[in-house]
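Before any comments, here is the structure.
The values are calculated or read from the model by the stated rules, or taken from the named source; none is laboratory data. Note that this is a predicted model, so its numbers are computed, not measured. Virtual Cβ from ideal backbone geometry, glycine too; neighbours counted across all protein chains shown.
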Amino acid sequence: MISMMTITFLISLILPMIMMMLSMMISKKTISDREKSSPFECGFNPKTHARLPFSIQFFLISMLFLIFDVEIALIIPLIPIMKTSSIKFWWISTSAFIIILLVGIYYEWNQGMLKWAT
């Protein structure tokens, strides 16, 4: 008899694979070349770029926001867990988690990721 853990593992493997295969089959993306993706301007060379430049700073700030947003979602369940676990184990695990977060934010600050473009 297959255990519940094995069934869960198989479902967690098979379901994403099915979803990826379906998305590849129904996607409208086709093979595109350089000529098809360039803008058409009556045979002349384009005067402006087809794609606008993207500021990497906005991308970095949004990634930091998402990372710390997920970390907040992981911190919220720590309060109800405190009632059901031993206070010593809860305190050690919570402190370790928060220290890891603080080390991460210090590293990002030290690398200059939190500074706006200079």
Query raised in the report: Taking the range 64-98, which residues are under 22 Å from the mean Cα position of the chain (by Cα), surrounded by fewer than 12 Cβ atoms within 10 Å (Cβ to Cβ) and hydrophobic (A, V, I, L, M, F, W, C)?
Result: PHE65, LEU66, VAL70, ILE72, ALA73, LEU74, ILE76
Query raised in the report: Does ASP69 count as of a type in the set (Asp, Glu) and at pLDDT 85 or above?
Result: yes
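Got a sec? Which of ILE61, ILE98, ILE92 is of a type outside the set (Gly, Ala, Ser) and at pLDDT below 90? First the steps, then the outcome.
Values: ILE98 fails: at pLDDT below 90; ILE92 fails: at pLDDT below 90.
Every option except ILE61 fails the conditions.
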